[in-house]
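Encoded as structure tokens, the structure appears first; notes follow it.
Just so you know, all these numbers are worked out from the coordinates, no wet-lab data involved. Here the structure is a predicted model, which means the values were calculated and not measured. Don't worry about glycine lacking a Cβ; one is built from the backbone with ideal geometry, like all the others, and counts go over all protein chains shown.
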Amino acid sequence: MRRMPTLLQSPLRRVVVAFLVAYLAAPSYTAELWCVENDYKVRSEEIISDFMCRTDTNETIIQQCNRYNPPFSNCSHQSFKHSLERIKQFFNDDDYFNIKVSAPGPWDERFCYGSDRIFFKLNEKKQRFIINYIIDKHNSTEFWLPARSQNYNPAQWRIPGELWGEPVKVDYEELSPYDCVSVNVTMDLNPMVVMRNCSDNLPMLCVSRENPLIQAPCEVGSVALRIVPNQCYRIVRYRPHHLVENPDFSELLKNQAALYLASYSEMESNEMCLVHFNSSSNTAITLNNQGGLGTVNGLPRNLTCMIEMYSIPKLEEVEMYLSFEPSVESLILTVYNRRGIWCDQSQPDDKRDDRENSECGIRCFTNADYEQLQPVKIKQLVWEDSKKSIYELKLYGDGPGYYWCEAHSIFDFELISSPKIIAAKKQKGHYFAFFFNLPCKFVRCDRINANMKTYGKTIRMLLNNIRNTHGNVGNFKDLDIHNVRVMSIESLEPGVHLTVLCHAAVSLKGSSVDNSSEEDDSEYIEGVKDDFDRDVQVRAHMRRLLSNMLAISPYGVTNVVNSTNYCFSETSASINRTWQPAEIGSSTTTYKLCLLRNGLPVFRKCIGDFLYGATWEPLDPRFKCATRITQQIITRDLYEIDRKKFAESQPTVALTSVETLVNTTQKFIPADLFYLGRIMQSVAKTIESRVERETSNKTEPTTQLNAVNDTESIIRIYNSLMDVDRRVFKPAIKLNSTNILLDAFEKIFNTLSTRNDTIYSNDTHSSNHPEMGVIVYRSPKLITYIIDPSVSNYSGVALYTNDKSHDFRESKTRLLFANTSEYDLLDEDDLEIATFVPQSLLNRLDEIPAKINQTLLLDRPPLRIVLKIYYNDKLFQEDRDIVDNLVFSKIISVSIPGYNPALPEILPLFLKMFKTKSNVSSDSCRYWNYSTWADDGLEFLAKSSTDNDVVLCGCSHLTPFAYLVGGSYNLSVTADHVIITELHKEALDMITILGCSLSLVGITGIVITAIIFDKWREKPTSKVVLNFSIAIAFQMILFCFVNTELLTVHLLENQIFSSCIILGACLHYSVLVQFSWMLIIAYLQFKRYVQVLGNTRPPRFFIKAFILGWCIPIVPVAAVLIIDMHSYIPIDNRDESQICYPSGQALYFGVILPIAAIIIANLIIFLLVLYNIVRGPKEKIRSVDRSSALSQIRLSILLFFLLGFTWIFGLLAAAKISLVFSYLFCLTATLQGFVMFIYFIILDPVTRSMWSTFIKGLCCGQNNK
């Protein structure tokens, strides 16, 4: 038997043993131990202290040896929150191991995080030893293990590291309705696995190896506890006299975890390290070279080192992604920032091989095999650098299945998971999901996990029996069932049957079973002409046969059979339309055109998943096809081009027609984007197939691709899309239209770039430079470069800001060499956006694919770099109402067709940043992953040393890139938003312009009256009316003719934010001025009609009125400018009408609050005035003011306009209550000035008499003011 001298051959083991034995209650060990009794060192053979306690006064209390337990109620720290106090170490059979046992409680998975051994892999002697310990210390004959199952799936170990997800290979009751694994100790002390309810109260057992320390991710020479991996410890050496001269140890140790330190530093025989010093009691805890711990009075003079703890700073987030390359059957895992993964690494990096190092902590799984859960083996580490690791995984099984990977973060063991993807080692036929009652008379129902493959074979046999018996009746003989896999156990009836979820691979006899080329003789739905629809219809036919077969079977749970890929066509009676097929997760529309009132085609989503199959979501009962469309739209024309498949048979004709349509003055609606996306998707597929035939010398002259005209048409079509109203794009996300359009554009030019010949263009804004290996396509909002770096070593482009023009055709660009200096380019003036492929990266492009599979290097197209610069982000829309970032730069897309998008080194990106708020903290470079703006594989490298506000970022993959500004932005669109925008916008705009024009005409009449007639101008009422009129004119000129939506879009897209802030502040001020004068008018009406007695104006009334009307509104405007001037820039809701105006809190406190207060005050005065006019006693109102009912109505109408009550309609319209309020607001609010002209000039007898006399005087040659 090996004893402690052998164990203590290295400092690492000496320290580990000393710490664990002294402070983790190790029974019976031979090394020197010290306990505290009456402040003296006492040798002891058994330590019973569970933990140390540190009080609020920083005093250390150690539990006494074999004596009383000191009170720990005043402890501020008791060892660790991770229950270190429960760890015990034992020495048995020449081996040390640790156990941790919890107090009785429900099953807790996280309690055993950090352990690494399985109870049943210990030998019988150790198992007995642990059982006796639990019985003795915890008085329990049953305890939890860190394993559980779910829904009759195999029980799995839930211990992070190599054991995570491993099946429990011990006999247990698989048919138990309970999920958690426990050990029940029999009378003869034999352990037996029992499944228990997870909420039962039992102690939990965790087992780990002797060494509780791991090396990674600490610095060299440091270690961490496996259960607290983000806190590291090391021995720091000092010269002895330094310790004596500077005995300030208050900050040396803040956490008792430092007691478990192990160091690689060799300690000399006379060395002693300080573990902890208690200045109040003048005691020190020390460590000697033999691994002994001691507590001594005072500070020893021979101390040469101390224990130091440090926390690992927050690392970049670990991210994992899987991708599948079917052509070479390669499943690739990409891990970013692997250093943050918890790894059970007890040996230093230099003592482990590269494979063991790289895979540490990563576990992958699949359900593609006959087992419900199969761990996936990592075949090889393909490539790795400091940021990214690429692995190739092994594929399993006879069909498709989910693959995913998991790991744990070093920060509190947070679970990290990759998104699940579907991959297949081989695939036979088409797969369908259904439920089946498997009788126990055919199979063993008590051993589920060992019989999963048998279950599948039995179900296939039963289905084949039905096919052979009833084949002539149901045409079942046409159906081949290749295999059946049981994917999960749904329920069981013991001794009777198992209800299982199955996947069956089927095909039609006599057809290919390896792809989707089966033909079906059934009648096609009208409009179904392409290969996709025919393929899906074949699948639908097979589903009907399989469903009918299950209906006959006595074992079928239901005859509902779902494809694992598609939702098939079906008819909805409520709208009398037939749905087109769709893949899981996507939305589709009907074969026949049906537009909703919000401008979208009627749509429906295919929901479900691969496991249970695809199914249609319930149809929204509010959906109703619009029968009358009041405006001219291009939707029907686009629909016809898509329906007739012109993009496949005649792509040039289709593109010419589409270009003509999108360049018309007719408005776009979301449905147009959907049908345009389908057309461009078909064009992309057609170009791809024809280029493929060209490159393989199989092209017939009649199908020659008209690359020149087609390319120019595509550029012009997409350039027109850049000018479409942004509000049209957001609803189109429901049908993924923006991503389809973007993907089609990217694929078209990537495909065209691979042609062996050069694509020449006659367009005046396209440049062909064969001598430089560069082709350029320019349009006002799009630039596309196709570069052959082998010709002139060009590999990128830089775009420069042009303040005089915002047309890409007028912008300065510069080709960049592959050896361009990154930091020189970063500091160039007026740089807007740029990128290039460095020479070193060009030389290494084959590095990653060569390691995955050499066949990836065969038959590749010539090397081309394709760069696309987008003027705005309209094609990059997130399907979320609230987003964290908005794009504030041009967008550049980088692709190298035919090459792996994963790069072996960083691709430099130069992006101009712009901060709209001073407190932005989450600005960053991002890339578009066709779902959101992500940052995995991207890193910030540098910021320009000049004032050009350009940042340099690096990316390890190819995709579209942009610079985003952080914040919280509301991009929601209500269901009826596009109705107003498209169907009524023109009418509302006309009403607004007409009303504003009439008001300005009326105000002009009031101003002319004031200029001509001195008597009218000197009247007190006229002075107020004149000021109010000027305020209205100021506001209407700004709103209707200056601060327009068109101008705002121009300012935003060209980042002229200072002008937008000025316009927004002026409009803000004009609105507040207008309402201030409304309040003054309300006050005068109150004095006149309510407060009749003493109805005199206060002294210097007009000076006070001037200050209130024109000066006070400056205060909230100035406050907004000082606190947050960028709130005038309308970025918080890009889908609402965009004008420069306050938003966010500035809108609520600077506009809505004062306006609401004034309207409420005016409403109260209005009601008081009406009451006094209609119901008031005669003595309160002068007889001259009492008029007929008609006069009362006229006054009420005037006050309604004067006091701003028309804005109530605006609030109701903004709340989307009804379209009627939008019309009422535009009709009433814009006529305020005109109503005042009618009332105060036309209907006022005195003023009318003045004008009559004046006109007569003009006719008679007199001037009479």
Legend entry - HN-Hα J in Hz across the stretch 560-575 - Karplus 6.51, -1.76, 1.60, θ = phi - 60°, x for Gly and Pro: 7, 10, 10, 5, 7, 10, 10, 9, 8, 4, 8, 9, 9, 5, 5, 10
Legend entry - Tensor-based shape of the stretch 572-616 (alpha-carbon gyration tensor, a/c under 1.5 rounded, otherwise prolate or oblate): prolate
Legend entry - Residue-by-residue Karplus 3J(HN,Hα) for the stretch 118-129, coefficients 6.51, -1.76, 1.60, Hz, glycine and proline x: 9, 3, 6, 8, 7, 6, 4, 5, 5, 4, 4, 4
Legend entry - Nonlocal amide H pairs with Cys364, under 5 Å, H built at 1.01 Å: Val376, Glu406
Inset, instruction - With only Lys, Arg, Asp and Glu charged, each at its Cβ (+1 for the first two, -1 for the last two), find how big the charge dipole of the stretch 319-424 is about the Cα centre; round to the nearest 20 debye. - result: 100
Legend entry - Sequence-separation-based contact order of the stretch 539-607, relative, with Cα cut under 8 Å and 6+ spacing, percent: 21
Legend entry - Interchain or long-range residues, amide H under 5 Å from Lys645's placed H: none
Legend entry - Ser1218/Leu1163 FRET efficiency (R0 22 Å; Cβ-Cβ; nearest 0.05): 0.55
Legend entry - Ranking of Tyr1089, Tyr612 by count of other Cβ atoms within 10 Å, fewest first: Tyr612, Tyr1089
Legend entry - Using a Förster distance of 45 Å, the FRET efficiency for Lys509-Leu858 (Cβ separation, nearest 0.05): 0.80
Legend entry - Residues whose placed amide H lies under 5 Å from that of Gln380, excluding near-sequence neighbours: Glu392
Inset, instruction - Using a cut-off of 10 Å between beta-carbons, work out the net charge of the residues near Gly937 (Lys and Arg +1, Asp and Glu -1, Gly937 not included). - result: -2
Inset, instruction - Report the calculated FRET efficiency for Arg447 and Phe324 (r = Cβ-Cβ distance, R0 = 35 Å), to the nearest 0.05. - result: 0.60
Legend entry - Sorted by Cβ density within 10 Å, fewest first, the residues Phe610, Phe532: Phe532, Phe610
Legend entry - Stretch gain in nm, segment His1050-Lys477, where the contour uses 0.36 nm per residue and the Cα spacing is subtracted: 199.6 nm
Legend entry - Footprinting exposure proxy for Lys685, Lys1104 (fewest neighbouring C-beta atoms within 10 Å first): Lys1104, Lys685
Inset, instruction - Would you mind calculating the relative contact order of the stretch 572-616 from Cα pairs under 8 angstrom and at least 6 residues apart, reporting the percent as a whole number? - result: 32
Legend entry - Restraint check, Lys377/Lys457; Lys734/Lys868; Lys394/Lys851, Cα-Cα greater than 22 Å: Lys377/Lys457; Lys734/Lys868
Inset, instruction - Find how much the distance from Asp879 to Asp1014 grows on full extension, using 0.36 nm per residue of separation minus their present alpha carbon separation; answer in nm with one decimal. - result: 42.3 nm
Legend entry - Simple spin-label estimate for Cys1259 and Ser1058 in nanometres, 7 Å along Cα-Cβ: 5.7
Inset, instruction - Once you have the Cα-Cα distance between Leu1243 and Arg1088, take 0.36 nm times their residue separation minus that, and quote the gain in nm to one decimal. - result: 53.8 nm
Inset, instruction - Could I have the simple spin-label model distance between Asn843 and Arg301, label points 7 Å from Cα toward Cβ, reported in nm to one decimal? - result: 6.3
Legend entry - Phi to ³J(HN,Hα) by Karplus 6.51 cos²θ - 1.76 cosθ + 1.60 over the stretch 173-181, Hz, x for Gly, Pro: 6, 5, 8, 5, x, 9, 10, 9, 8
Inset, instruction - Using the structure shown, select from Lys1019/Lys1087; Lys605/Lys730; Lys388/Lys943; Lys605/Lys667; Lys592/Lys645 the pairs with a Cα to Cα distance greater than 20 angstrom. - result: Lys388/Lys943; Lys605/Lys667
Legend entry - Label-to-label distance, nm, for residues given as Tyr823 and Asn190 (7 Å Cα→Cβ offset): 7.4
